[in-house]
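Read through the structure below, which is laid out as structure tokens, and then see the notes.
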Amino acid sequence: MTSHDARYVIPRLHALGFGGDWNPEQWTPEVWDEDLALTQQPGVNLVTVRVLSWAFLEPTPGVHDFGWLDTVLDKCLAAGVSVDLATATASPPPWLGHQWPQTLPVTDEGVRLAYGARQQYCPSSPVFLERALLLTEAVSARYADHDAVVMWHVGNEYGAHTPTCYCDVSAEAFRAWLARRYGSLDALNEAWSTAFWSQRFSDWDEVIPPRRTPYFPNPTQQLDFTTFSSDAMLRLFTAERDVIRRHSPPDKPITTNFMRFFPHADYWQWADAEDLVSDDWYPDLDDARSHVEGAAGADLMRSLGGGQPWLLMEQAVSAINWRGVNPPKTTAEYRRWSLQQVAHGADAVLHFQWRAAIGGAEKWHSGMLPHAGPRTRSWRAVVDLGAELAALREVAGARTSASVAIVLDWPSWWALELDSRPSTGLSMVGILKEWYEPLWRRGYSIDFAHPESDLSGYALVLVPQLYAVTDAGAKSLISAAEGGTTVAVGYFSGAVDERDRVRAGGYPAPWQDLLGLWVEEYRPIVGGSTIGLRPSEGSGLGARPQGTASVWSEHVHLTGAVAVLEYAHGELAGQPAVTRHDLASGGRTWYVSADLDAASMDALILRIADDAGVEPILRSAPPEGLEVTIRETPEKRFLFLLNHGQTAVAVDPTTTGDPAEWRRIGADPSVDGTLDVPAGDVVILVANQERTSVAR
Ligand code: GAL
């Protein structure tokens, strides 16, 4: 048995993981041997086995067939390929839906979905849970001590296709969940504001999921149902996890794969329930800013794991098959986006899937081994990336230390994007990106944080959008600011509590003292119009126009803050738009009451960061298109330079921290002054640690 080393997220794998989903059940045993022989060329060291193979492991209810899996795992062990063993419960076999139709999910319009695709189960179905646990029990008892198995993969992308179910079984589970949450029907009536529109319940049996209604369903009912649905899926995960834990040695971590900024599951809670975070990323090749989402999503994954390295569980080598038009990734994109995830904390680059399928719904999805076999461009790209990751072995376990945090809360996100709001033009992820991108471009290390977490360790906390905030979340921000953290809050934040009930008395009620202002009225902007902004007198910004708002504005009254930018026209002309407030305790806060155009947002966020004394990674600003990140172990520092642009750039790799004697990993190791990063390329530098302290 390999020794346990706490530095590595997969303790039995002392390297960066490289590999992908391997589906032997789709192929004959001769192909298994060919596959395992071929894995040696790119240095595949980790495969996820049998993610969607329930029907093969349990061909009829209660009858197991493990023979083929025994052989597959033994062959992996012999080939030196470690296994992330999946519980296979994400795609129930036809017999489950046929014999127990009540396990099939129902839409809000009452349509029961059929089997024939995948993930066709009601998250609250006791029958589904029982059958899933029987399989998990059999599999984990049989394979927990198999030396090929180094980790566990529960389910698959929970909620990707069926995040909610509105059937009667779900309705009953929802009522039980609500009874636990509220204790009494009176408390539920109060929380849901059922005095409105005569919605008052007189009996628990009247409470149902937010099924299709003639007009807006009750907002708190919708919000609670989303939280309940996330919890219901999480219960499925933890139930399988607990079965595995009864059998498995503790150094075989348990995970399930996330989907980045996925709107249907509260990943802060999910991440707490896992041993390590893993994630799937399929960039949109039609979006020229995909790499920014690539960076933000990866930072989110690292943050969800408390800074621990995470695994890129799935990506495509080339084309996918599920957007409208699915072109291939270029070799440069594949390499750069893969290394980007490592640059932001991933300790594995895995793929869906190893060998491209020849039948079924995903036969036009690329694999590491394409239909045409190894004589292909994409296979060579895989072999090259495998070699590169092997050379980066020392990066495994390295951490990133950030002084900036961006607050993200799933329930607030859900509440923001419900119907019946002042504007349906607000997108949580859109707003996050507007705040993230300027910092990313300048090359700051950035964490994401839960609003109720301890934020006081950060020099700067950004709250781009927190429409709904709990009392604890509101206090956490206040205590961080009182402790000296600079806090910047975006528009329409702190407006309601966690029940979606308005915090009245001037918005944002919990933070009026913190921000030194109150907001009289929210004033979303009608499509197509814009409001100009200009520097306020005394702001030191001169009199030049400072951009425009086109989505949102607010009527702000100052009670201690000073205006930095003000509205230039319309009814708000001369009123504050962006404000700054110095607290008696020494902290400083900012409020941004309008959406700013990209250039103005860039200038504002960089000013806030600079003012907060946060240091970017490089002393001089990176050229346009260049992304910079840093990872550290107790012995080494790694500087990643990724050129997403169309032209070569010259970079001075002098960091703002301790001086470092950089050497290049790969080709010519010497670094003398500035270095060139060709268009689309990635350069990785390494230096010995000069200091003793390491990233948290
Ligand atoms: C993921 C899923 C994989 C595969 C892949 C295709 O969502 O987990 O099983 O379907 O997408 O891109």
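A few comments on the model shown:
- Considered as a group, the residues in region 348-380 that are within 16 Å of the ligand (Cβ to nearest atom) and aromatic (Phe, Trp, Tyr) include one that is least open to solvent (accessible area, probe 1.4 Å), and that residue is 354.
- Strands (runs of 3 or more DSSP E) contained in region 476-555 and holding at least 1 residues closer than 23 Å to residue 456 by Cα: 486-490, 517-524
- Output for region 237-259, where each listed residue is away from the ligand (no atom under 16 Å from the Cβ) and of a type in the set (A, V, I, L, M, F, W, C): 239, 243, 244, 254
- Scanning region 438-468 for residues that are closer than 17 Å to residue 479 by Cβ, under 18 Å from the mean Cα position of the chain (by Cα) and not in a loop (DSSP other than H, G, I, E, B) gives 449, 462, 463.
- Inter-residue pairs, beta-carbon under 6 Å, first within 14 Å of residue 99 (Cβ to Cβ) and in region 109-122, second open to solvent by 50 Å² or more (accessible area, probe 1.4 Å), 6+ apart: 115/94; 120/113
- Residues within region 99-118 that are open to solvent by 10 Å² or more (accessible area, probe 1.4 Å), under 28 Å from residue 244 (Cβ atoms) and not hydrophobic (A, V, I, L, M, F, W, C), tallied: 4
- Some residue of region 302-309 being out of contact with any Pro (no Cβ under 9 Å at 6 or more places or on another chain), of a type outside the set (Asp, Glu), open to solvent by less than 20 Å² (accessible area, probe 1.4 Å) and within 12 Å of the ligand (Cβ to nearest atom): no
- Matching residues, region 559-582, being part of a loop (DSSP other than H, G, I, E, B), open to solvent by 30 Å² or more (accessible area, probe 1.4 Å) and modelled with pLDDT of 95 or more: 559, 560, 573, 574, 575
- Condition check for residue 442 on (1) open to solvent by 30 Å² or more (accessible area, probe 1.4 Å); (2) farther than 30 Å from residue 633 by Cβ: one failure, at (2).
- Scanning region 583-599 for residues that are buried (at least 21 other Cβ atoms within 10 Å of the Cβ) and polar (S, T, N, Q) yields a total of 2.
- Near pairs, Cβ below 8 angstrom, 6+ apart or cross-chain, from region 43-63 (within 13 Å of the ligand (Cβ to nearest atom)) to any residue that is open to solvent by 40 Å² or more (accessible area, probe 1.4 Å): 50/56; 52/118
- For beta carbons closer than 6 Å, sequence separation of 6+ or different chains, a first residue in region 147-167 that is of a type in the set (S, T, N, Q) and a second that is away from the ligand (no atom under 16 Å from the Cβ), the qualifying pairs are 162/105; 164/229.
- Hits in region 181-202 - residues which are buried (at least 17 other Cβ atoms within 10 Å of the Cβ), part of a loop (DSSP other than H, G, I, E, B) and within 34 Å of the chain's Cα centre (by Cα): 192, 193
- Near pairs, Cβ below 8 angstrom, 6+ apart or cross-chain, from region 314-337 (within 14 Å of residue 376 (Cβ to Cβ)) to any residue that is open to solvent by less than 20 Å² (accessible area, probe 1.4 Å) and basic (Lys, Arg): 317/329; 318/329; 319/329
- So residue 298, is it more than 21 Å from residue 180 (Cβ to Cβ), in a helix (DSSP H, G or I), in contact with a His (Cβ under 6 Å, 6 or more places away or on another chain) and aliphatic (A, V, I, L, M): yes
- Residues satisfying the stated conditions in region 232-262, i.e. surrounded by 16 or more Cβ atoms within 10 Å (Cβ to Cβ), outside any helix (DSSP H, G or I) and not β-branched (Val, Ile, Thr): 248, 251, 252, 253, 257, 258, 259, 260, 261, 262
- Among residues of region 7-42, those that are open to solvent by 50 Å² or more (accessible area, probe 1.4 Å) and either within 16 Å of the ligand (Cβ to nearest atom) or modelled with pLDDT under 95 (or both), counted: 3
- All strands (runs of 3 or more DSSP E) inside region 611-695 with 3 or more residues being in contact (Cβ under 8 Å) with a residue 40 or more places away in the chain: 626-632, 636-643, 682-688
Yes/no matrix, rows are residues, columns are (1) among the hydrophobic types (A, V, I, L, M, F, W, C); (2) more than 29 Å from residue 551 (Cβ to Cβ):
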position: 574; (1), (2): no, no
position: 577; (1), (2): yes, no
position: 581; (1), (2): no, no
position: 606; (1), (2): yes, no
position: 629; (1), (2): no, yes
position: 645; (1), (2): no, no
position: 661; (1), (2): no, yes
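The values are calculated or read from the model by the stated rules, or taken from the named source; none is laboratory data. As the structure is a computational prediction, the values presented were derived from the model and not from experiment. Virtual Cβ from ideal backbone geometry, glycine too; neighbours counted across all protein chains shown. Accessible surface areas use protein heavy atoms only, side chains included; no ligands, DNA or RNA. Shrake-Rupley method; radii C 1.70, N 1.55, O 1.52, S 1.80 Å.
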